[in-house]
Amino acid sequence: MEQNLALVLFSGTDDKLNAAAVMTAGAAAIGRPVHIFLQYWALDSFRADRIADDHGLAPEAGDAGRRAVDALAAAGQAPWHETLRQAKELGEVDIQACSLSMDLLQITESDLDPLVDGVEGVTSFWLAASDGQVVFI
Amino acid sequence: MQTQTTPITRTVDARGSYCPGPLMELIRSIREGQVGDVIAVWSSDAGSKLDIPKWIEKAGHRLIGIETREGYDEILVEKLR
């Protein structure tokens, strides 16, 4: 049994979500169970009606970063939500929305993309994370 | 060359797909296949050329070889389990 990995996604920009999706897919590929906890702006980007929108980039990207990201997308790089979808097919990936962030954004589970498996509180997250590594993005 | 004489069961054309796309496509193909199948992965992604052999070893399959073609690599894998 591979050690489980917990990812806390806070940032909602496409570059950070893409980095998280790639990390998830790699872990799933080697059989590590991945538990993803969506908070704040990351959760906002998982709204069903907005998931495919442009969620911008981290400020350090600048204009050159924007062009580089656009060029890779034009060359056929899969969007982060597609990579996550494939990772879920490949391995054990559980995506949970933070209940407090749901309150903050004033949304319900029906507002979220089907990629999200459920809603949980922070204690449930820590119980799921157990003794595995936790990464905050 | 061994890779030219190995009968290929299936070819996964992952050219144009970025890391970890080619590996994910290979895993899907291996799961769908039978033990003994030889799968050829075509990948133009540099990272996948490094990662796929490591995954093959970890997952308990056999890397038959990597051939560099024009603009892509052909990675041959035998499904062992």
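Points worth noting:
- Between helix A:80-90 and chain A there is an angle of about 40 degrees, using the helix long axis and the longest principal axis of the Cα atoms.
- Ranking of B:Met24, A:Met1, A:Met102 by neighbouring Cβ atoms within 10 Å, starting from the fewest: A:Met1, A:Met102, B:Met24.
- Paired Rg and Dmax values of the stretch A:5-136, which use every Cα atom, in angstrom: 14.4, 41
- Angle of helix A:14-29 to the longest C-alpha principal axis of chain A, folded into 0 to 90 degrees and rounded to 10: 50°.
- Contact order for chain A, expressed relative to its length and based on alpha carbon pairs under 8 Å spaced 6+ residues apart, stands at 38 percent.
- Eligible lysines near B:Lys79 by straight Cα distance, threshold 23 Å, same-chain separation 8 or greater: A:Lys88, B:Lys49, B:Lys54, B:Lys58
- For the residues B:Glu57, B:Glu70, B:Glu25, a GNM of chain B with alpha-carbon springs under 10 Å puts the largest fluctuation on B:Glu70.
- Backbone N within the stretch A:1-25 under 20 Å of label point (7 Å from A:Asp44 Cα along the Cβ vector): A:8-21
- Here the residues A:Phe10, A:Phe125, ranked from fewest to most Cβ neighbours within 10 Å of their Cβ, fall in the order A:Phe10, A:Phe125.
- Chain B, relative contact order in percent, only Cα pairs under 8 angstrom and at least six apart counted: 33 percent
- Over the protein assembly as shown, dividing the summed -39,500 (n - 2.57) contributions of all DSSP H runs of at least 4 residues by the number of residues returns a 222 nm mean residue ellipticity of -12500 deg cm²/dmol.
- Backbone amide hydrogens, once placed in the peptide plane, bring A:Val8 within less than 5 Å of A:Phe37, A:Val135, A:Phe136, A:Ile137, excluding anything fewer than 5 places away on its chain.
- With a cut-off of 18 Å on the backbone N, the residues of the stretch A:116-137 near the modelled label site 7 Å out from A:Met1 along Cα-Cβ are A:125-134.
- Theoretical gain in end-to-end length, A:Ala19 to A:Leu100 [0.36 nm per residue, Cα-Cα removed]: 26.7 nm
- Against the compact-protein benchmark of 2.2 N^0.38 Å, the Cα-based radius of gyration of the stretch B:2-78 scales to 0.96.
Each reported figure results from applying straightforward, stated rules to the coordinates on display, with no laboratory input. Please read all numbers here as calculations on a predicted model, not as lab measurements. Glycine gets a Cβ as well: all are built from the backbone with ideal geometry, and neighbour counts include every protein chain shown.
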